[in-house]
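Below is one structure, written out as structure tokens, with a few remarks after it.
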Amino acid sequence: MFIETEVPEDEVIISRTDLNGVITYVNDTFAKISGYSSEELIGRPHNILRHPDMPRSVYKELWDTIRAEKSWSGYVKNMRKDRGYYWVFAEISGVYKDGTLVEYKSIRSPVPREMRIKMQHIYDKMREEEHEAWRAVMYLPFATGEKLMEAAKKRGISAEELISELL
């Protein structure tokens, strides 16, 4: 869950969505970095990648901006299919046909390590101020972790969901 994937310096992640945020196109880099196949991503809401460390207010600002037909840019921490994560600098803008907004495009590029650390602290503070969920890290003996994962798998839920139920 805490394994970071770095976006290669020489690559960009590209996607398009409809006006409701449903993915209509992804490039191969997007699929590779996110851990999903292109087929798994297309037709799904883009928020499938939303990492719980991201403050809701960042997404509100993003959507308010692009719905006002302006471009938005900022730092985003995304969650991979395997529950790991990756950071990107996202630039999102509208795609127009005959003057009418028809979809959104997003181009995302790598984020230097120092900026990832800085943004993590900023977003942690924002989530605290906005009274959002806390992040807790717990180290368990390997055997205990395996038992937890097996119990969650038997119930068809994630380990995080099982822990939430137990708390």
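The values are calculated or read from the model by the stated rules, or taken from the named source; none is laboratory data. Nothing here was measured: the structure is a model prediction, and the numbers come from that model. Quick reminder, even Gly has a Cβ in these numbers, built from the backbone with ideal geometry, and neighbours come from all protein chains shown.
General observations
- Taken together, the residues in segment 117-135 that are in contact (Cβ under 8 Å) with a residue 24 or more places away in the chain and either assigned to a loop (DSSP other than H, G, I, E, B) or closer than 17 Å to residue 13 by Cα (or both) amount to 4.
- When residues in segment 70-112 are screened for being free of Cβ contacts under 8 Å to residues at least 24 places away in the same chain and over 20 Å from residue 122 (Cα atoms), 7 of them pass.
- Condition check for residue 12: surrounded by 14 or more Cβ atoms within 10 Å (Cβ to Cβ), closer than 28 Å to residue 158 by Cα and among the aliphatic types (A, V, I, L, M): no
- Some residue of segment 52-60 being polar (S, T, N, Q) and under 30 Å from residue 25 (Cβ atoms): yes
- Residue list for segment 66-114, restricted to those being surrounded by fewer than 20 Cβ atoms within 10 Å (Cβ to Cβ), closer than 18 Å to residue 28 by Cα and of a type in the set (Val, Ile, Thr): 107
- Candidates in segment 57-78 are the residues that are among the aliphatic types (A, V, I, L, M) and farther than 14 Å from residue 13 by Cα; of these, the one that is farthest from the chain's Cα centre (by Cα) is 68.
- Residue 157 meets each of the listed conditions (1) outside the structural domain of residue 53 (by TED's automatic domain parsing); (2) within 17 Å of the chain's Cα centre (by Cα) apart from (2).
- Of the residues making up segment 20-40, at least one is among the small types (Gly, Ala, Ser), within 14 Å of the chain's Cα centre (by Cα) and assigned to a loop (DSSP other than H, G, I, E, B).
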